[in-house]
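A.B. asks: One structure follows; several queries about it will come next.
The values are calculated or read from the model by the stated rules, or taken from the named source; none is laboratory data. Just so you know, these numbers come straight off a predicted model, no measurement behind them. Please note: Cβ atoms are built from the backbone with ideal geometry, for glycine as well, and neighbour counts cover all protein chains shown. To get the accessible areas, we keep the full protein, side chains included, count just its heavy atoms, and leave off ligands, DNA and RNA. Shrake-Rupley method; radii C 1.70, N 1.55, O 1.52, S 1.80 Å.
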Amino acid sequence: QVRLVESGGGLVQAGGSLRLSCAAFGAVFRIYDMGWYRQAPGEQRELAASITSVGTTSYVDSVKGRFAVTRDNAKNTVYLQMNRLKPEDTAVYYCYANVQMNRYMSARDHWGQGTQVTVSS
């Protein structure tokens, strides 16, 4: 089994910063893409940021220039540094990782439990 454990959410004023972390534990043979989805109240879940195993990143337009996704492959951990936060960034943030559990299995997506980020105006 694979478990993703998130930390770092909370309440922050507009213009502030937060850093989210997500570590993968358990039967991890190899991790391909990692990243962060977010879901605001009444909205569909969207992919906010992602990073490949070699460090290629991708962002939704609304966070470009403000968010940075990084990973530490030795620690099976992905991070999301969020700067210049806006009230519209308020959402539950879910990390994901595309994990291969052993050399005989195909990789599949695993999800964190979600962490609330609230940005006050």
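A.B. asks: Check the range 75-89 and report whether any residue there is part of a loop (DSSP other than H, G, I, E, B), in contact with a Ser or Thr (Cβ under 9 Å, 6 or more places away or on another chain), open to solvent by less than 40 Å² (accessible area, probe 1.4 Å) and β-branched (Val, Ile, Thr).
C.D. replies: Within the range 75-89, the subset part of a loop (DSSP other than H, G, I, E, B) is 76, 83-86.
Okay, now just the ones that are also in contact with a Ser or Thr (Cβ under 9 Å, 6 or more places away or on another chain), so 83-86.
Pick out the ones that are also open to solvent by less than 40 Å² (accessible area, probe 1.4 Å) and you get 85.
Now narrow it down to the ones that are β-branched (Val, Ile, Thr): none.
No, every residue in the range 75-89 fails to be part of a loop (DSSP other than H, G, I, E, B), in contact with a Ser or Thr (Cβ under 9 Å, 6 or more places away or on another chain), open to solvent by less than 40 Å² (accessible area, probe 1.4 Å) and β-branched (Val, Ile, Thr).
A.B. asks: Next up: Hey, can you tell me all the residues within the range 106-121 that are loosely packed, with under 14 Cβ neighbours inside 10 Å, in contact (Cβ under 8 Å) with a residue 24 or more places away in the chain and assigned to a loop (DSSP other than H, G, I, E, B)?
C.D. replies: Within the range 106-121, GLN113, SER121 qualify.
Table: residues versus (1) outside any strand (DSSP E or B); (2) within 24 Å of ARG103 (Cα to Cα); (3) open to solvent by 60 Å² or more (accessible area, probe 1.4 Å); (4) not aromatic (Phe, Trp, Tyr).
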site	(1), (2), (3), (4)
VAL12	no, no, no, yes
SER21	no, no, no, yes
ALA24	no, yes, no, yes
GLY35	no, yes, no, yes
GLY42	yes, no, yes, yes
LEU47	no, no, yes, yes
VAL54	yes, yes, yes, yes
THR70	no, no, yes, yes
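A.B. asks: Surrounded by fewer than 20 Cβ atoms within 10 Å (Cβ to Cβ) and part of a loop (DSSP other than H, G, I, E, B) - does that describe any residue in the range 91-99?
C.D. replies: The answer is no, given that none of the residues of the range 91-99 is surrounded by fewer than 20 Cβ atoms within 10 Å (Cβ to Cβ) and part of a loop (DSSP other than H, G, I, E, B).
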